[in-house]
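Asker: Next up is a structure, given as structure tokens.
The values are calculated or read from the model by the stated rules, or taken from the named source; none is laboratory data. Computed from a predicted structure; not experimentally measured. Don't worry about glycine lacking a Cβ; one is built from the backbone with ideal geometry, like all the others, and counts go over all protein chains shown.
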Amino acid sequence: MEVGSHPIQVLSLTTADGQLQPLRFRFEDEAHQLHTVKVLEILDTRKVSHVGIDALTFLCRAEADGMRHLFELRYAIRSHRWNLARRLY
């Protein structure tokens, strides 16, 4: 499962105080297979600005294909788009 900065579909929750919380996400790999990933735990959330684009990054422990991985998801605030930034392990 190769990961770069790819657009993804995300099922998220917005709390009563306006915080985003990703619950599941789905992405398509190079073989055009869809992978659904269940977020088990959000380890860290940060607001970042990269090249003038404000975003939220989520460091998540998640389960994909029966294995646990660490993923970094990015949510672009202005465009409301989610990206899979990287898989750490």
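Asker: Please work out which residue is nearest to SER5 (Cα to Cα), limiting yourself to segment 56-67 and to residues that are part of a strand (DSSP E or B) and modelled with pLDDT under 95.
Answerer: The initial filter retains those residues of segment 56-67 that are part of a strand (DSSP E or B), namely 56-64, 67.
So of that shortlist, the ones also modelled with pLDDT under 95 come out as 63-64, 67.
Working: GLU63: 19, ALA64: 17, MET67: 21 Å.
Per the criteria, the residue is ALA64.
Asker: Now, a different point. Which residues, taken from segment 29-52, are touching a Leu at 6+ places or on another chain (Cβ under 6 Å) and either modelled with pLDDT under 90 or among the acidic types (Asp, Glu) (or both)?
Answerer: ASP44
Asker: Look through segment 48-65, keep the residues that are of a type in the set (D, E, K, R) and over 14 Å from the mean Cα position of the chain (by Cα), and return whichever of them is surrounded by the most Cβ atoms within 10 Å (Cβ to Cβ).
Answerer: ASP54
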